[in-house]
There are 2 protein chains.
Amino acid sequence: MTNALPQIKRDFIEGLSQISRFWGFPKGMGAIFAVLYLSPAPLSLDEIVVQTGLTKGAVSTQVRALARLGLVYRSSKLADRKDYYEAETDFYKSIRSILKERQNTEFDRALAAVKDALVRLESGATHAEERAFLVERVRALQEFFDAIDNLSRAVVKLESLGISNVQKILSILK
Amino acid sequence: MTNALPQIKRDFIEGLSQISRFWGFPKGMGAIFAVLYLSPAPLSLDEIVVQTGLTKGAVSTQVRALARLGLVYRSSKLADRKDYYEAETDFYKSIRSILKERQNTEFDRALAAVKDALVRLESGATHAEERAFLVERVRALQEFFDAIDNLSRAVVKLESLGISNVQKILSILK
DNA sequence: TACTATGTTTAGTAATTACTAAACGCACAG
DNA sequence: CTGTGCGTTTAGTAATTACTAAACATAGTA
């Protein structure tokens, strides 16, 4: 039907691509998500290829990444060997799984390193005065990261409670 | 004094570098911040060069970027031509200015594009049925972005109220 | 005026990341 | 067992980004 995509879709895809890059994901990932999100029915890998202009390989890997992040779902039709993908439409759910993903891996490791530095500092060999200073600084940073961690856990907790909760938060902070 | 940096500092710097990259900033930026953050006194550009191992040019541009983000402050001593830099230690303040910075520029533009798509969709020429579907999807995304926007405004509002507020938020979401 | 100590800009390089094209593997159909 | 339709992997390329080295600009100093 829409062999040449309508301009509006193009713009939308472009917009999501930008947003994707902005948050540190590949541009193509945003494009793929956009295509799926605007499709009333699940799409096969090749349909995504056509609509995004990416190659099969790229789509294959990116779509898998999206699935790992919980932004798309993979399904299949009986008596059809193709895989089909559709976009998650509950964005809070998505955020939740993205944060979960991000919390593991590198970030945690880096954070552990900082924590470790603190521990070792306390038994370190520097002058008492300088040491006290360093300990305090590292501790403050540590505390901050913990707060961030809590905050993201809080977001995770939002579950599918939706927007009303955000409003609640806003009202408290008013 | 510490010509060869103690291992603990090295580790800390390395840790912050990783964290920096993880959040989409250059590695060197994290390193510079780490050095400043661990210094009891403001440092000159050349001192930063020594401690990070970067070149003068890199430090010059990155430190300026950090200043724009509100993560470091530039100062100068009387009768001393050097500039001196020190780290912001109120991280909530930092987050606030980072978010402010991010909200302008690209992200806003992309968001505007999506908004625009919605408007044009409503007067578009597609089949009524398909159009209704698209409008609904774009609208939902729009709403989500607004919520995110609100949330980040909320964080911005935290001002220097500190951690207790995060706890408050947590308690609501319990 | 020229000299020195600073920070900035620039042009090029290195490193990283996203992507392409094509080979591959696997399951099903004949 | 062979061929066909699919997704995956891989090896190489393009594009982006972070950085270096060095020229440059500026302001103070002799």
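Need a quick list: helices (runs of 4 or more DSSP H) entirely within the range B:1-73 having at least 1 residues that are closer than 18 Å to A:Leu121 by Cβ. Spell out how you get there, then give the answer.
Working: elements: B:7-22, B:27-37, B:45-52, B:56-68.
Filter on the range B:1-73 gives B:7-22, B:27-37, B:45-52.
Out of all the residues in the range A:26-45, which are within 12 Å of DNA strand D (Cβ to nearest atom) and free of Cβ contacts under 8 Å to residues at least 24 places away in the same chain? Of everything in the range A:26-45, just one residue is within 12 Å of DNA strand D (Cβ to nearest atom) and free of Cβ contacts under 8 Å to residues at least 24 places away in the same chain, namely A:Lys27.
Go through B:Leu45, B:Leu69, B:Leu36, B:Leu54 for me and flag whichever is closer than 24 Å to A:Asp149 by Cβ and away from chain A (no Cβ under 14 Å). Spell out how you get there, then give the answer.
Details: B:Leu45 fails: closer than 24 Å to A:Asp149 by Cβ; B:Leu36 fails: away from chain A (no Cβ under 14 Å); B:Leu54 fails: closer than 24 Å to A:Asp149 by Cβ.
The unique qualifying residue is B:Leu69.
Only one of these conditions is not met by B:Gly70: (1) on the phi < 0 side of the Ramachandran plot; (2) out of contact with any Leu (no Cβ under 6 Å at 6 or more places or on another chain). Which number is it? So B:Gly70 meets the others, but not (1). Looking at (1) more than 14 Å from A:Asp83 (Cβ to Cβ); (2) more than 14 Å from chain B (Cβ to nearest Cβ), which is the only condition A:Thr61 fails? Among (1) more than 14 Å from A:Asp83 (Cβ to Cβ); (2) more than 14 Å from chain B (Cβ to nearest Cβ), the lone unmet condition for A:Thr61 is (1). Every listed requirement among (1) more than 27 Å from B:Lys115 (Cβ to Cβ); (2) hydroxyl-bearing (Ser, Thr, Tyr); (3) surrounded by 13 or more Cβ atoms within 10 Å (Cβ to Cβ) is met by A:Tyr37 save one, (1).
No lab work stands behind these numbers, since they all come straight from the coordinates. Computed from a predicted structure; not experimentally measured. Glycine gets a Cβ as well: all are built from the backbone with ideal geometry, and neighbour counts include every protein chain shown.
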